[in-house]
1. Considering only residues that are among the charged types (D, E, K, R) and more than 16 Å from Y122 (Cβ to Cβ), look in the range 56-86 and name the one that is most open to solvent (accessible area, probe 1.4 Å).
2. I'd like to know if the range 16-24 contains one or more residues that are at pLDDT 95 or above, in a helix (DSSP H, G or I), surrounded by fewer than 18 Cβ atoms within 10 Å (Cβ to Cβ) and charged (D, E, K, R).
3. In the range 105-131, what count of residues is obtained for those that are in a helix (DSSP H, G or I) and of a type outside the set (S, T, Y)?
4. Hey, among F27, F53, which residue is assigned to a helix (DSSP H, G or I), surrounded by 18 or more Cβ atoms within 10 Å (Cβ to Cβ) and aromatic (F, W, Y)?
5. Test Q94 against the criterion of being closer than 19 Å to T14 by Cβ and free of Cβ contacts under 8 Å to residues at least 24 places away in the same chain, and give yes or no.
6. When you scan the range 75-104, how many residues do you find that are out of contact with any helix residue (DSSP H, G or I) (no Cβ under 8 Å at 6 or more places or on another chain) and in a strand (DSSP E or B)?
7. Does A72 qualify as being touching a helix residue (DSSP H, G or I) at 6+ places or on another chain (Cβ under 7 Å) and either part of a loop (DSSP other than H, G, I, E, B) or not acidic (D, E) (or both)?
Amino acid sequence: MLHECRPAEVSIITDPSRLDLDVIHGFLSRSSYWAAGIPRDLVARALRHSTCFGAFDGNEQVGFARVISDHATFAYVCDVFVLDSHRGRGVGKQLMAAVKSHPDLQGLRRWVLFTRDAHELYRQFGFSEARHPHRLMEIQSGPYPAAAAAREGEPTA
């Protein structure tokens, strides 16, 4: 279901045809700590299989959030970012308000996310530290090849 919120400064949309893959991939691959070096085709595939939220100032995409969900019991919020040009203006809050109010994401039993530095933002939307962190398990592979090569001083393709 397409969903649109129009807060004061930006529009938050879920229409996949409006998302700017260049902006999303550019930020994730070059500016994020969690997806550095991610290949463009992998970002495109992830977007196709997620509920995505784009923050737009006019026609310019300035932020993004992605939710992976079964739309019944569980949602994982990821890849949330706001471009430097729009930070400090409440765009992150507007993105998260749109995520939490999306009609397809109501009544879920569990929401999860990982963050290194935005705990206060997410607390405003009901997130807290995991109640049972000892139950969490994961398989974590290494960095994307481009990120690993950049760290080793090799050219990236």
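1. The residue in question is D84.
2. Looking for residues that are at pLDDT 95 or above, in a helix (DSSP H, G or I), surrounded by fewer than 18 Cβ atoms within 10 Å (Cβ to Cβ) and charged (D, E, K, R), one finds at least one in the range 16-24, hence yes.
3. Total meeting the criteria: 5.
4. Sole residue among the options that is assigned to a helix (DSSP H, G or I), surrounded by 18 or more Cβ atoms within 10 Å (Cβ to Cβ) and aromatic (F, W, Y): F27.
5. no
6. Total meeting the criteria: 2.
7. When the stated conditions are applied, A72 does not pass them.
The values are calculated or read from the model by the stated rules, or taken from the named source; none is laboratory data. In this text, all values refer to a predicted model and were calculated from it rather than measured experimentally. Backbone-built Cβ (ideal geometry, glycine too); neighbour counts: all protein chains shown. All accessible areas refer to the heavy atoms of the entire protein, side chains included, with ligands and DNA or RNA removed. Shrake-Rupley method; radii C 1.70, N 1.55, O 1.52, S 1.80 Å.
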